[in-house]
Amino acid sequence: MRNLTKSVFGLATAGFLVVGLAACSTPAETPSSSTSSKPAATATTEANPTPLATIPTLTGVDTKVTLDSGFTGALTTLGLTPGVIGTATLDGATGTLAFPITGGNVKYFDPEQSYRP
């Protein structure tokens, strides 16, 4: 039963990480056609702002994510124990997950602005 719990949590954690990393990616460009489903730009449409920072290519870099204590508390309430797979590490004292980034890019926008890519 313990191995099943670890496996389920490992898969759930991997799913969260995949979704989080996918959110950092840029969608593939699609060819434009004469009939576009996008609404025409108006004077009230906000223009795409310039990113505050850009990293065009990420390779061979590690990242760390600190889990919210409410999240880890909820896991404990459910009888689940956080775990990792592969080369990822988890510091149980701080709730910090560390894992490698195998590729991607980053565009950081001002969090005070309403623009959300």
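Can you tell me how many residues in the stretch 24-60 are modelled with pLDDT of 85 or more and exposed (fewer than 10 other Cβ atoms within 10 Å of the Cβ)?
Within the stretch 24-60, residues that are modelled with pLDDT of 85 or more and exposed (fewer than 10 other Cβ atoms within 10 Å of the Cβ) number 4.
Matching residues to (1) closer than 11 Å to THR13 by Cβ; (2) surrounded by 11 or more Cβ atoms within 10 Å (Cβ to Cβ); (3) of a type outside the set (S, T, N, Q):
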position: ASP62; (1), (2), (3): no, yes, yes
position: SER69; (1), (2), (3): no, no, no
position: THR72; (1), (2), (3): no, yes, no
position: LEU80; (1), (2), (3): yes, yes, yes
position: ILE85; (1), (2), (3): yes, yes, yes
position: THR89; (1), (2), (3): no, yes, no
position: GLY92; (1), (2), (3): no, no, yes
position: PHE99; (1), (2), (3): yes, yes, yes
position: THR102; (1), (2), (3): no, no, no
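The values are calculated or read from the model by the stated rules, or taken from the named source; none is laboratory data. Every value quoted in this text rests on a predicted model; they were computed, and no experiment measured them. With ideal geometry, Cβ positions are generated from the backbone for all residues, glycine too; neighbour counts draw on all protein chains shown.
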